[in-house]
Amino acid sequence: MNMSMAEQAKWIVTGTVDAPAEQVAQVLLDVREGDAGVEGNALVLAGDHAKESGGLTLEGGPVKFTGRFGDSGEDYLEVTVDREAHSVRVQTWYGGTYTVEPADGGTQLVLRVHNLVPNSSRFGQKVAQIGVEARLERRLQAVLTAIGERLGCATRVGAALK
C-alpha cells in the first residue's frame, strides 16, 4: 500500500481474532450494495452511528462504495475494498484502513487512521483529537465483535498507538 506522507497513519489500533486470516479477510472484505454494518455486509461499519441515525445504505461497488447515514443523508462516507491487499479503507468522521494480517494462532486486525474530520477547520480537527484513542479502540472493538460473532470465535483489542 503506497501512501503519501499526508496519508501515513497518525494512530494505529490493533486487535486479534482467533480464526485463520483467510476467514477473517473473507468476512471483512464482504462489502456490497445495500444495508451496511449488519447481516454480514460491510462489518467494517458495524457499531458506527448507523443505528442512531436511522441506518446506512451503501451504493456502488465492487471496489468503491458510497453511503449516507439515515434519512437526511447528511453524513457521507466512502468505503474502498482492496481484496488483493486484504484491506478496507473507510472515510467517514475518520479516514482509516483496516488490514488483515496473519498472526500466531489467529489473525491480527490493524486499523491505521490517517485523518480525522477531513473537511473541518484546523480547530475542528484539534477538537476531534480529544479522546480519539479511546474512540478508535471502541471502533475497532465493534468491528472485532461483529467479526467474532460471524465466525463464532474470540476477539481482543489492544491499545491505540500514536
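Each row is one residue, and each column tells you yes or no for (1) charged (D, E, K, R); (2) touching a Pro at 6+ places or on another chain (Cβ under 7 Å); (3) more than 23 Å from Asp18 (Cα to Cα).
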residue: Ser87; (1), (2), (3): no, no, no
residue: Tyr94; (1), (2), (3): no, no, yes
residue: Thr97; (1), (2), (3): no, no, no
residue: Gly105; (1), (2), (3): no, no, no
residue: Arg112; (1), (2), (3): yes, no, no
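Could you check, for the stretch 121-131, whether at least one of its residues is open to solvent by 70 Å² or more (accessible area, probe 1.4 Å) and closer than 13 Å to Val13 by Cβ? Scanning the stretch 121-131 turns up no residue that is open to solvent by 70 Å² or more (accessible area, probe 1.4 Å) and closer than 13 Å to Val13 by Cβ.
When Ala50, Ala19, Ala25 are checked against the criterion of being at pLDDT 90 or above and in contact with a Gly (Cβ under 7 Å, 6 or more places away or on another chain), a single residue qualifies: Ala19. Residue count for the stretch 8-36 under the criterion of being touching a residue at least 24 places away in the same chain (Cβ under 8 Å) and part of a loop (DSSP other than H, G, I, E, B): the result is 11. Within the stretch 132-145, the set of residues being open to solvent by 20 Å² or more (accessible area, probe 1.4 Å) and either in contact with a helix residue (DSSP H, G or I) (Cβ under 7 Å, 6 or more places away or on another chain) or not aliphatic (A, V, I, L, M) (or both) comprises Glu133, Arg135, Glu137, Arg138, Gln141, Thr145. The residue that is modelled with the highest pLDDT, among those in the stretch 62-96 that are surrounded by fewer than 21 Cβ atoms within 10 Å (Cβ to Cβ) and polar (S, T, N, Q), is Thr80. The number of residues in the stretch 97-120 being closer than 26 Å to Phe69 by Cα, open to solvent by less than 60 Å² (accessible area, probe 1.4 Å), out of contact with any Lys or Arg (no Cβ under 9 Å at 6 or more places or on another chain) and modelled with pLDDT under 95 comes to 3.
The values are calculated or read from the model by the stated rules, or taken from the named source; none is laboratory data. Every value quoted in this text rests on a predicted model; they were computed, and no experiment measured them. Cβ atoms come from the backbone with ideal geometry, glycine included; neighbour counts cover every protein chain shown. Areas reflect the complete protein model, heavy atoms only, side chains present, ligands, DNA and RNA absent. Shrake-Rupley method; radii C 1.70, N 1.55, O 1.52, S 1.80 Å.
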